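Q: The following block contains the structure, expressed as structure tokens.
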Amino acid sequence: MDFAYSAKVRELQDRLGRFMDEHVYPNERRYDEGIAPDAHWQPRPIVEDLKPKARAAGLWNLFLPESEDGAGLTNLEYAPLCEIMGRVAWASEVFNCSAPDTGNMEVLARYGTEAQKKQWLVPLLEGKIRSGFAMTEPAVASSDATNIESSIRRDGDHYVINGRKWWTSGAPDPRCKILIFMGKTSPNNPDKYKQQSMILVPKDTPGVTVRRWLPVFGYDDAPHGHAEVDFVDVRVPASNMLLGEGRGFEIAQGRLGPGRIHHCMRAIGQAEYALEKMCKRVKSRVAFGRPIAEQTVTLERIAEARVMIEQCRLLVLKAAYMMDTEGNKAARAEIAMIKVAAPNMLCKVLDWAIQAHGGGGVSDDFGLARAYAHARTLRLVDGPDEVHRNQIGRLELRKYN
């Protein structure tokens, strides 16, 4: 396996790094500054101002290899770029590379009809709208997606949709115009993995009601956010079905593989940024007569953080390489491993960075508390640790059949 970055990737790294230095890092505090309470769920001006600059700089849709509107990068090539964007929570949106839009765009690019692509993929690629992903349900343990109870029933030239979803990412955003909804079309199919389907639901369809936004450790993640959403007798054209009835799990696997690795790539960038903040902090603070940086416990934590980050980066690059060369199915063990390793690594590095900042670490002044809330959430997003560990264990045992 050769993880050396090509000249193309190194050039993109350099351009992206310069853009972050010039436009993103200096504006971190501006993101939430001056936002009136009644405008809290509106797009942030700084992000909207930077999007045209990113597009003009050729730093747009870097994640998407399968479309003429993407950068044509492999997963391995995209990894270091995603890591750079991940250093600041909102930066990926500037480059039209943020979840859940990335996963939804990949679904439309791979599985959508030409009409579906024209109506929804094109405006998403242009950054004119945003989207949501409606899969998890409050009434069942959605870590086992076969539990999902929402119904998608054929009625002539339409489907009628009923169900309640929560943690629907992007739903509170006023720019969210389309939801990808997962539900059962064939609940009695003896193959439980062919009971589910995915369908496109315009957010303004009658019967779609955003009940409430859901805070994450007290953070609302506005204007993106997450929501609990009711679907009551929602009627959409039969042409909104993705790929075909009973193929929801097939789409989910195609969507969640890249989505999981993107989360892990960003987590590595966030960990690097946290370690950087930690090192600067301990070198500038004195306690008990000497810099905190000279305390043995501090040196040990810095060293351990560096080891953990490098380990995770190599595992992510291996997973990306295998996805590119052997396919997502062949890389499922590596994808599961990074999904366990990266969020846990990030939680630990952020915990040490918070400790190094003392009281400031749990404030909003350094961004560490918010980052920790997000990192802890990643241990649940796209499947909890327990599900991925079980899969890793089963795959390991198969070697000894």
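The values are calculated or read from the model by the stated rules, or taken from the named source; none is laboratory data. Note that the coordinates shown come from a computational prediction; the quantities given were computed from them, not determined experimentally. Note that we place each Cβ from the backbone using ideal geometry, even for glycine, and neighbour counts take in every protein chain shown.
Condition check ((1) part of a helix (DSSP H, G or I); (2) of a type outside the set (V, I, T); (3) surrounded by fewer than 23 Cβ atoms within 10 Å (Cβ to Cβ)) across all residues:
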{"position": "Y78", "(1), (2), (3)": "yes, yes, no"}
{"position": "L81", "(1), (2), (3)": "yes, yes, no"}
{"position": "C97", "(1), (2), (3)": "no, yes, no"}
{"position": "M105", "(1), (2), (3)": "yes, yes, no"}
{"position": "L108", "(1), (2), (3)": "yes, yes, no"}
{"position": "Q116", "(1), (2), (3)": "yes, yes, yes"}
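Q: Something else: Which ranges mark the helices (runs of 4 or more DSSP H) fully within segment 288-389 that have 1 or more residues being under 30 Å from P65 (Cα atoms), in contact with a strand residue (DSSP E or B) (Cβ under 8 Å, 6 or more places away or on another chain) and of a type outside the set (V, I, T)? Write out each step before concluding.
A: Details: elements: 296-326, 332-357, 368-378.
Qualifying helices (runs of 4 or more DSSP H): 368-378.
Q: Also, I was wondering about something else. Within segment 274-287, can you find the residues that are part of a helix (DSSP H, G or I) and of a type in the set (K, R)?
A: Taking segment 274-287 and keeping what is part of a helix (DSSP H, G or I), we get 274-284.
Once the filter is applied, which keeps residues that are part of a helix (DSSP H, G or I) and of a type in the set (K, R), segment 274-287 yields K277, K280, R281, K283.
Q: Filter segment 274-299 for residues that are over 20 Å from K348 (Cα atoms) and of a type outside the set (K, R) and give the result.
A: S284, V286, A287, F288, G289, P291, E294
Q: Right, here's the next one. Among the residues of segment 17-64, write down those that are within 22 Å of the chain's Cα centre (by Cα), at pLDDT 95 or above and charged (D, E, K, R).
A: Of everything in segment 17-64, those that are within 22 Å of the chain's Cα centre (by Cα), at pLDDT 95 or above and charged (D, E, K, R) turn out to be E48, K51, R55.
Q: Filter segment 363-401 down to the residues that are of a type in the set (A, V, I, L, M), modelled with pLDDT of 95 or more and within 25 Å of M278 (Cβ to Cβ), then identify the one that is nearest to the chain's Cα centre (by Cα).
A: Checked segment 363-401; the qualifying residue nearest to the chain's Cα centre (by Cα) is L378.
Q: I need a count of the residues in segment 333-366 that are crowded, with 19+ Cβ neighbours inside 10 Å and on the phi > 0 side of the Ramachandran plot.
A: 0
Q: Restrict the check to segment 226-239 and report whether at least one residue is part of a loop (DSSP other than H, G, I, E, B) and either outside the structural domain of M308 (by TED's automatic domain parsing) or over 21 Å from the mean Cα position of the chain (by Cα) (or both).
A: no
Q: Got a sec? Which of P80, P52 is without any contact (Cβ under 8 Å) to a residue 12 or more places away in the chain and not small (G, A, S)? Let's see the steps before the verdict.
A: On the way: P80 fails: without any contact (Cβ under 8 Å) to a residue 12 or more places away in the chain.
Exactly one of P80, P52 is without any contact (Cβ under 8 Å) to a residue 12 or more places away in the chain and not small (G, A, S), namely P52.
Q: Taking the stated definitions as given, is R306 within 30 Å of E77 (Cβ to Cβ) and not hydrophobic (A, V, I, L, M, F, W, C)?
A: Yes; evaluated as a whole, the condition is true for this residue.
Q: If you take the residues in segment 299-318 that are within 19 Å of the chain's Cα centre (by Cα) and in contact (Cβ under 8 Å) with a residue 60 or more places away in the chain, which one is surrounded by the fewest Cβ atoms within 10 Å (Cβ to Cβ)?
A: L317
Q: List, please: which pairs have Cβ atoms under 8 Å, are six or more places apart or on different chains, and start with a residue in segment 335-361 that is assigned by TED's automatic domain parsing to the domain that holds L275 and end with one that is among the aromatic types (F, W, Y) and buried (at least 24 other Cβ atoms within 10 Å of the Cβ)?
A: none
Condition check ((1) within 17 Å of the chain's Cα centre (by Cα); (2) assigned by TED's automatic domain parsing to the domain that holds H224) across all residues:
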{"site": "K117", "(1), (2)": "no, no"}
{"site": "E149", "(1), (2)": "no, yes"}
{"site": "W166", "(1), (2)": "yes, yes"}
{"site": "P187", "(1), (2)": "no, yes"}
